[in-house]
Amino acid sequence: MNSQNDTQPAFIDCYRGVFPEDDPQSVLSYSRIVSPAFDFDVPSLMDGVPFFATSEIYPLPQVTVSRVKSGAGRFTRTIRTMARHGMDQILVVCYTRGHFDLTIAGKTRRIEAGDFAFLDLSQEMAIEAPVVENVSLAVSRRRLEPMVPFLDDAHGFVRRQGPLTTILRGVMENVIAVGPDLPVSEAGAVADTIIQLATACLEPLSSQQNEARPGRRTISLAAIRAAIEQRLSGSELTLHTLIDEFGITRSTLYRMFEPLGGVSAYINERRLRFAFRRMADTTEPEVRISQLAFDLGFSHPSAFTRAFKKLFGLSPKDVRSLASQSKMEDMELLASRDLLQYLKPIERRSSAISAPA
């Protein structure tokens, strides 16, 4: 945070990046800046058209608000991108002008201006837009999980423009308007408001997560999935555990998970995705792959490795190697003088604004 003397409140640090269209290095430099989140390139149809970009970043506790304007761009996030940069955040994007095409699992759809798209950075995707003009949020997964247990379901969810999204967008744009005049002492409350509004936008997902069991007792598929998530790391997660806990028959359990590919396959995939995030997150203490395999209920490390590579196309050692290599690259990126010339702190706009004592 900004250094302040004893009589001055502290304010959040904000940054602006400017990549001019007359600079031949703008595309390369911009792609390096966004590389922790996306692989970036300019669509071939725009070859020969000068690229430009301006970006503003406003970091709050567990939430980052940003605004971007740029020429055409394609942003992709692949398994290798995720292995190199284990960013475990949910990105919430609203285009303020134009549109973008979102591709997930081979299916492409158009997102119009004013709509909010929720994107899970632990999953693959591609975004392409003829002109980029948006405001966005990057929200900590750990902050959202207690309020939205099944964040994987939110990947690609679109909340159409309406009163709630208008309010959320207004708060984001007000953060940008206040910018570096926002006191650190108030930033947490603003972040909490943004998170609550973003969570409210995901409320329609809850109606898709329930499945009733005929009979006297209603069993929620969401409740069983929540129980699975709580037991991913541990040997106590078995089909018998779920049957006993929820008082259902094996056939009912199978029927409930049939749309998800079967209960055993579902549990294995959730464990493997947990392992991927664990290994790609360089902030977590390193755990031996064999120990992680046993912790996740696999009978042998080789069985874990085979299942992992089948799902992700990379072995656990590949992911760990890419993550370690990326950590060094990110440190070099932060110290790069070539890139720092594009990024500057945003100065306070009003010295008259002060935080309460």
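FYI, it's all coordinate maths here, none of it is from the lab. Because the structure is a prediction, the values reported are computed rather than measured. Please note: Cβ atoms are built from the backbone with ideal geometry, for glycine as well, and neighbour counts cover all protein chains shown.
So, counting K/R as plus one and D/E as minus one, what does the shell of residues with Cβ under 13 Å around ARG159 add up to?
Cβ neighbours under 13 Å give a net charge of -1.
Based on the mean of other Cβ atoms within 10 Å per residue, sort peptides 130-139, 310-319 so the most packed one is first.
Averaged packing, sorted descending, gives the order 130-139, 310-319.
Give the long-range amide H neighbours of VAL148: residues separated by 5 or more places, or on another chain, with amide H under 5 Å away, using H modelled in the peptide plane at 1.01 Å from N.
none
Summarise the long-distance tail of P(r) for the stretch 210-329 by giving the % of C-alpha pairs beyond 21 Å.
That tail contains 45 percent of the Cα-Cα pairs.
Kindly provide log₁₀ I(q)/I(0) values, in the same order as q = 0.07, 0.10, 0.15 Å⁻¹, from the Debye equation applied to equal alpha-carbon scatterers of the chain.
Reported log10 I(q)/I(0), two decimals: -0.36, -0.72, -1.41.
Please list, or write none, the aspartates and glutamates whose alpha carbon is within less than 15 Å of the alpha carbon of LYS344, excluding same-chain residues fewer than 8 places away.
Candidates past the 8-residue exclusion: ASP13, GLU56.
Hey, got the dipole for the stretch 23-114? About the Cα centre, +1 on K and R Cβ, -1 on D and E Cβ, debye to the nearest 20?
220 debye
Taking H as built 1.01 Å from N, whose amide H comes closer than 5 Å to the amide H of VAL63, not counting residues under 5 places away?
Correct list: empty.
Quickly estimate the mean residue ellipticity at 222 nm for the chain, helices only: each DSSP H run with n ≥ 4 gives -39500 (n - 2.57), and the total goes over all residues, rounded to 500.
Mean residue ellipticity, 222 nm, calculated: -11500 deg cm²/dmol.
Could you name the aspartates and glutamates in cross-link range of LYS310, using Cα to Cα under 12 Å and dropping any fewer than eight places away on the same chain?
GLU269
What number comes out for the charge environment of GLY17, summing +1 per Lys or Arg and -1 per Asp or Glu over other residues with Cβ under 10 Å away?
Net of charged neighbours comes to +1.
Highest GNM mean-square fluctuation, the chain, Cα pairs closer than 10 Å: which of GLU112, GLU124, GLU145?
Greatest mean-square fluctuation among the candidates belongs to GLU145.
Report the gain in length on full extension from THR199 to ALA177: 0.36 nm times residue separation, minus Cα-Cα distance, nm rounded to one decimal.
Taking 0.36 nm per residue and subtracting the Cα distance, the gain is 5.6 nm.
Given Cα pairs under 8 Å that are at least 6 residues apart, what percent is the relative contact order of the stretch 45-167?
Relative contact order of the stretch 45-167: 30 percent.
When only alpha-carbon atoms are used, what values of Rg and Dmax, in angstrom, describe the stretch 15-207?
Both quantities, over Cα of the stretch 15-207: 16.2, 50 Å.
Can you tell me which of THR81, THR54, THR241 moves the most in a GNM of the chain? Springs connect C-alpha atoms under 10 Å apart.
Maximum fluctuation in the GNM of the chain, among the listed residues, is at THR241.
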